[in-house]
Each structure stands twice: as structure tokens, then as C-alpha cells.
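Trainee: Below is a structure I'd like to ask you about.
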Amino acid sequence: MNGAAQPHLTTPPDWPRRVAHAFSRAAADYSRLAGAQQVMGERLWERLPERATRILDLGCGPGHWSARLAERYPAGRVVGLDLASGMLEVARRTPDSTGRTSWLCADAAIMPLADASLDLVFSNLAIQWCRHLDEVLAELYRTLLPGGRALINTLGPGTLSEVAHAWERPGHPATLLDFRSRDRHQAAARLAGFRRVTITASRPRFHYPDLAGVMASIKGIGAQTAGNGSRLTRADLARARQRYEALREPAGLPVTYRLLTLELES
């Protein structure tokens, strides 16, 4: 791991390109490594409405949830949208038993979808990567039918606090993605025009046997390779390992997410 990219995230001007590149690189291993993301997605799945016919899986990744949504709604058609072409290449190779799923490479803030063309948006851990929250939620409102629903999992401040602690270096404080607060999401949803906004906060916690396991789980969502590109020495790695070991619990090394679940109705 000597010289590996530091897993700290920023939002430079070319952020969308970096995110797309990072997730494309992570695509092949995403499903295997992103166990925590799957668990959090199940919590969102439980909130699905009984019926839906025009469905968007926003930030669909390799298509896991898109396929399940097509099976869940036999009368519906599903569009899986992602910024990362590499993710969509994996999704397209996955057998589609329903024949009702299509794929779209696009930015969530500028979606090539018609006004009022959807009745359900499902998005598991994608919009935290978007630089312009107001624009993303405005696009969701624009594309949803009146009475349509958006179910969104995203992340709030304090996410990956253990990771930030471990990777801090003298004179170089850790800088993770600028996770937005619950109030910021509520304000953006109201500004977009949603008439009903419900946001639930929770703290799912996962454990890994060692630092390599922690870093693999982050790499599985593109977080490591989307970093700011600074390089680490062996001493940095040893320090991070020691700092993380001080946080060890009986179940292993902890990784805490601050999960925000948004239920929006247009």
C-alpha cells in the first residue's frame, strides 16, 4: 500500500469527472465490496410504495437495485441512471429477466428526462456525491408527476469519522466529502417544491477485521480513488493503522455512517 492515494475527499471544479472515473474503476468489485451500502439500501427498500409504473434508480451503479425494482413492479419500467459509464457497462452485462430496464449515463443535476415522466425515484447513497444539491432535487421535482415520490438515502456530517481520525496527519487534517446536514436537505427539498418532506436520521455501524478491510469497504464505493491525490508514506500508513487500532471494539474496527433517509412527495 506504500504510496496509495489518501482516502480524503474534496470537491474541485472537475469533481463530476473525478467521481465518474472513480466509480468506473470501482465497478467490477462494487457489488462484492459494498456490503454496508447494500444493508442501508434495504432500509430504503422497506419504504417503497405498493405501486409504481415509471421508475428511476438514481445513481444505479452496477444495477442491483434497478433489477430488483423491475421485479418488484411487474407493470413498471425502470431507468437506471449513473454518471459512471463503467458502472453502466457492468449493469448492461447483467441478465435482465424482465426486459423492462434501460440504462442512461447522465448527471443527476441535468437529467435528459421529460417533465412529469416518473412516479417513483429510488436513490441509495448517490446524491452525497453531487456538488449542487439544489439542482439535483429541482430535477427530481421536475421529472416527477404530481403525487410522485422520491426515496433517497444519503449521508450526513459525521460519516466515516473513524476513518477521518485514523488518516489525520500532523499539519494535514483529514478532509472528507462535505456531507450536508439534515436541515440543508430539508431546505433544498422545500426550495425544489416538494409538498411533503420527511427526513429520518440513523447511525448504522459496521465492523471490519483490520484496516485493509475498512479501506476495501470505502474503495468499494469509489471513496478512496476519488481522493485528492496526495500520497502516503509507510510512516503515514503505520500511524493510521495504530490510530484505528485504538478504536477497536470486540466486533472489529468500527465504521460509522450518518444515514439520512429522505421521503419526498411532489
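The values are calculated or read from the model by the stated rules, or taken from the named source; none is laboratory data. This is a predicted model, so every value here is computed, not measured. Please note: Cβ atoms are built from the backbone with ideal geometry, for glycine as well, and neighbour counts cover all protein chains shown.
Trainee: Please work out if residue 34 is within 13 Å of the chain's Cα centre (by Cα) and either at pLDDT 90 or above or more than 25 Å from residue 110 (Cα to Cα) (or both). Full working, then the answer.
Mentor: Details: within 13 Å of the chain's Cα centre (by Cα): yes; either at pLDDT 90 or above or more than 25 Å from residue 110 (Cα to Cα) (or both): yes.
Answer is yes for this residue.
Trainee: From the list 83, 48, 44, which one is touching a Phe, Trp or Tyr at 6+ places or on another chain (Cβ under 8 Å), of a type in the set (A, V, I, L, M), surrounded by fewer than 21 Cβ atoms within 10 Å (Cβ to Cβ) and closer than 23 Å to residue 217 by Cα? Show your work before the answer.
Mentor: Values: 83 fails: surrounded by fewer than 21 Cβ atoms within 10 Å (Cβ to Cβ); 48 fails: closer than 23 Å to residue 217 by Cα.
That would be 44, the only listed residue that is touching a Phe, Trp or Tyr at 6+ places or on another chain (Cβ under 8 Å), of a type in the set (A, V, I, L, M), surrounded by fewer than 21 Cβ atoms within 10 Å (Cβ to Cβ) and closer than 23 Å to residue 217 by Cα.
Trainee: Pairs under 6 Å by beta carbon, first residue over 20 Å from residue 208 (Cβ atoms) in segment 34-60, partner exposed (fewer than 14 other Cβ atoms within 10 Å of the Cβ), six or more apart or different chains?
Mentor: Pairs that qualify, where the first residue is over 20 Å from residue 208 (Cβ atoms) and the partner is exposed (fewer than 14 other Cβ atoms within 10 Å of the Cβ), are 53/75.
Trainee: Separate question: With the checklist (1) under 19 Å from residue 44 (Cα atoms); (2) outside any loop (DSSP other than H, G, I, E, B); (3) out of contact with any His (no Cβ under 9 Å at 6 or more places or on another chain) in hand, flag the one item residue 90 doesn't pass.
Mentor: Result: residue 90 fails condition (1) only.
Trainee: Another one. Report, by residue number, each residue of segment 88-131 that is over 17 Å from residue 61 (Cβ atoms) and at pLDDT below 95.
Mentor: Result: 97, 98, 99, 100, 131.
Trainee: For residues in segment 127-145 being within 27 Å of residue 50 (Cβ to Cβ) and in contact with a Ser or Thr (Cβ under 6 Å, 6 or more places away or on another chain), which is surrounded by the most Cβ atoms within 10 Å (Cβ to Cβ)?
Mentor: Of segment 127-145, the ones within 27 Å of residue 50 (Cβ to Cβ) are 127, 136-137, 139-145.
Then drop every residue that is not in contact with a Ser or Thr (Cβ under 6 Å, 6 or more places away or on another chain), which leaves 127, 141, 143-144.
Working: 127: 25, 141: 21, 143: 21, 144: 27.
Looking at residues that are within 27 Å of residue 50 (Cβ to Cβ) and in contact with a Ser or Thr (Cβ under 6 Å, 6 or more places away or on another chain), I get 144.
Trainee: Here is a follow-up. Within segment 116-125, does at least one residue satisfy the condition of being in contact (Cβ under 8 Å) with a residue 60 or more places away in the chain and surrounded by fewer than 19 Cβ atoms within 10 Å (Cβ to Cβ)?
Mentor: As a first pass, look at segment 116-125 and keep what is in contact (Cβ under 8 Å) with a residue 60 or more places away in the chain: 117-125.
Then drop every residue that is not surrounded by fewer than 19 Cβ atoms within 10 Å (Cβ to Cβ), which leaves 117.
Checked segment 116-125: at least one residue is in contact (Cβ under 8 Å) with a residue 60 or more places away in the chain and surrounded by fewer than 19 Cβ atoms within 10 Å (Cβ to Cβ).
Trainee: I've got another one for you. Of everything in segment 97-125, what is within 17 Å of the chain's Cα centre (by Cα) and among the charged types (D, E, K, R)? Give them in sequence order.
Mentor: 107
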